Amino acid sequence: MKSWGEDLWEAKVNAHGDAGVIFGTGHRLSSVHRQTRTEMERVDRLLLKRIPAGSSILDAGVGPMARFSIELARRGYLPIGLDISTTTLQRAKAATARAGIAVDFVHGDLVALDLGRTVDGIFCMETIFHVPAHLALEVFQGFHRHLRAGGFALIKFAILERQTVYFSLCQALYLAAFAILRPVLRFVGRESFRTTVVRYSTDELMDIFERTGFELVERDGDMFLLAARRKVVSTK
Ligand SMILES: C[S@@+](CC[C@H](N)C(=O)[O-])C[C@H]1O[C@@H](n2cnc3c(N)ncnc32)[C@H](O)[C@@H]1O
């Protein structure tokens, strides 16, 4: 049986291309490249200063450009790029080949993570908030099973308290435009996709971490650096 979301992400990458998958329809590659640079500053400071080059890092939801795996490999790490979409993985492989970078790729679902090995680090950007909220505990249990003792996980969330009025207004306009345009696009033979963004409050996140055996080491806005603390105490 296919994983939840697999068909959607497969269709999305075919219809919208790299920037459309990463940021949403209508975005340009130039803004993706700009964001990669600024986010890597945070990744360097939060995660990479704590784990030595040569360590294995799972890039969970690697995406069609494998942009963070490429940056990790350039810094001497051993990325494992996981994605639910086979087309995305093909594009990611082509991107790493163009960059002359070696990355291990795995087809898999964050909700039923099974790499058959542990890793020194876990890295998840622009992806966790697309997983439905009721599956979040499974994702974090999987992360906990795969992170070796002493390793770190860096996860970027969509945070409820950080949603501004301006963003809410833009979102409302976008949803209205989507509702109107979707039937029109369908009529002219074009499909449009909108993926969920699950926003968590900080309290909800702390509860997920507690239940799945993680502790918060450091936070920078929407990025949380976690360490595997101990065995899972509760999965409810
Ligand atoms: C918004 S893109 C971000 C890609 C990449 N992290 C980046 O920032 O460039 C989300 C990616 O996660 C993948 N994805 C979504 N749900 C997934 C799941 N349950 N398991 C594995 N990958 C998933 C999608 O196929 C897509 O490539």
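The values are calculated or read from the model by the stated rules, or taken from the named source; none is laboratory data. Since the model is a prediction, treat every value here as computed from it, not as a measurement. Neighbour counts run over all protein chains shown; Cβ positions are idealised from the backbone, glycine included.
Hey, Val32 hits all of (1) touching a helix residue (DSSP H, G or I) at 6+ places or on another chain (Cβ under 9 Å); (2) closer than 22 Å to Leu110 by Cα; (3) not aromatic (Phe, Trp, Tyr) but one; which does it fall short on?
Failed condition: (2).
Are any of the residues in region 157-165 surrounded by fewer than 20 Cβ atoms within 10 Å (Cβ to Cβ) and modelled with pLDDT of 95 or more? Please lay out each step first, then the result.
From region 157-165, those surrounded by fewer than 20 Cβ atoms within 10 Å (Cβ to Cβ) are 158-165; that's our starting set.
Remaining after also requiring modelled with pLDDT of 95 or more: none.
No, every residue in region 157-165 fails to be surrounded by fewer than 20 Cβ atoms within 10 Å (Cβ to Cβ) and modelled with pLDDT of 95 or more.
Taking Glu138 as the residue in question, decide whether it is outside any loop (DSSP other than H, G, I, E, B), of a type in the set (D, E, K, R) and within 17 Å of the chain's Cα centre (by Cα). Spell out the reasoning first.
Working: outside any loop (DSSP other than H, G, I, E, B): yes; of a type in the set (D, E, K, R): yes; within 17 Å of the chain's Cα centre (by Cα): yes.
Judged against the criteria, Glu138 is a match.
Just give me the residues in region 8-42 being surrounded by fewer than 16 Cβ atoms within 10 Å (Cβ to Cβ), modelled with pLDDT of 90 or more and not aliphatic (A, V, I, L, M), in sequence order.
Answer for region 8-42, where residues must be surrounded by fewer than 16 Cβ atoms within 10 Å (Cβ to Cβ), modelled with pLDDT of 90 or more and not aliphatic (A, V, I, L, M): Ser30, Ser31, His33, Arg34, Arg37, Thr38, Glu41.
Taking the conditions exactly as written (more than 8 Å from the ligand (Cβ to nearest atom), closer than 24 Å to Leu8 by Cα and surrounded by fewer than 18 Cβ atoms within 10 Å (Cβ to Cβ)), does Thr118 satisfy them or not? Quick ask: steps written out before the conclusion?
Numbers: more than 8 Å from the ligand (Cβ to nearest atom): yes; closer than 24 Å to Leu8 by Cα: no; surrounded by fewer than 18 Cβ atoms within 10 Å (Cβ to Cβ): yes.
Answer is no for this residue.
Can you tell which of Asp104, Asp109, Asp83 is of a type in the set (Asp, Glu), touching a Ser or Thr at 6+ places or on another chain (Cβ under 7 Å) and under 25 Å from Gly20 (Cα atoms)?
Values: Asp104 fails: touching a Ser or Thr at 6+ places or on another chain (Cβ under 7 Å); Asp83 fails: touching a Ser or Thr at 6+ places or on another chain (Cβ under 7 Å).
Testing whether each residue is of a type in the set (Asp, Glu), touching a Ser or Thr at 6+ places or on another chain (Cβ under 7 Å) and under 25 Å from Gly20 (Cα atoms) leaves just Asp109.
Out of all the residues in region 156-186, which are among the aliphatic types (A, V, I, L, M) and not in a helix (DSSP H, G or I)? Explain how you work it out, then say what you get.
So the first thing to find is which residues in region 156-186 are among the aliphatic types (A, V, I, L, M), and the list is 158-160, 165, 169, 172-173, 175-177, 179-181, 184-185.
Scanning region 156-186 gives Ala158, Ile159.
Residue under question is Phe123, and the condition is that it be at pLDDT 95 or above, within 9 Å of the ligand (Cβ to nearest atom) and either over 27 Å from Thr38 (Cβ atoms) or buried (at least 22 other Cβ atoms within 10 Å of the Cβ) (or both); does it hold? Before the answer, list the steps.
On the way: at pLDDT 95 or above: yes; within 9 Å of the ligand (Cβ to nearest atom): yes; either over 27 Å from Thr38 (Cβ atoms) or buried (at least 22 other Cβ atoms within 10 Å of the Cβ) (or both): yes.
Judged against the criteria, Phe123 is a match.
With respect to Ser85, determine if the residue is within 14 Å of the ligand (Cβ to nearest atom), touching a helix residue (DSSP H, G or I) at 6+ places or on another chain (Cβ under 8 Å) and within 23 Å of Gly150 (Cα to Cα).
Working: within 14 Å of the ligand (Cβ to nearest atom): yes; touching a helix residue (DSSP H, G or I) at 6+ places or on another chain (Cβ under 8 Å): yes; within 23 Å of Gly150 (Cα to Cα): no.
Spelling it out, it is not the case that Ser85 is within 14 Å of the ligand (Cβ to nearest atom), touching a helix residue (DSSP H, G or I) at 6+ places or on another chain (Cβ under 8 Å) and within 23 Å of Gly150 (Cα to Cα).
Restricting attention to region 1-22, which residues are free of Cβ contacts under 8 Å to residues at least 12 places away in the same chain and within 10 Å of the ligand (Cβ to nearest atom)?
Once the filter is applied, which keeps residues that are free of Cβ contacts under 8 Å to residues at least 12 places away in the same chain and within 10 Å of the ligand (Cβ to nearest atom), region 1-22 yields only Gly20.
Which of the residues that make up region 110-144 are over 16 Å from Thr212 (Cα atoms) and among the small types (Gly, Ala, Ser)? Before the answer, list the steps.
Step one: of region 110-144, the residues over 16 Å from Thr212 (Cα atoms) are 114-121, 123-127, 129-132.
Matches in region 110-144: Gly116, Gly121.
Please list, ordered by first then second residue, the pairs with beta carbon atoms under 6 Å, 6 or more apart or interchain, first in region 111-137 and in contact (Cβ under 8 Å) with a residue 60 or more places away in the chain, second of a type in the set (Asp, Glu) and surrounded by 16 or more Cβ atoms within 10 Å (Cβ to Cβ).
Note: pairs meeting the criteria are Val111/Glu138; Phe123/Asp59.
Could you grab me the full set of residues in region 60-74 that are more than 10 Å from the ligand (Cβ to nearest atom) and either under 13 Å from the mean Cα position of the chain (by Cα) or small (Gly, Ala, Ser) (or both)?
Ala73
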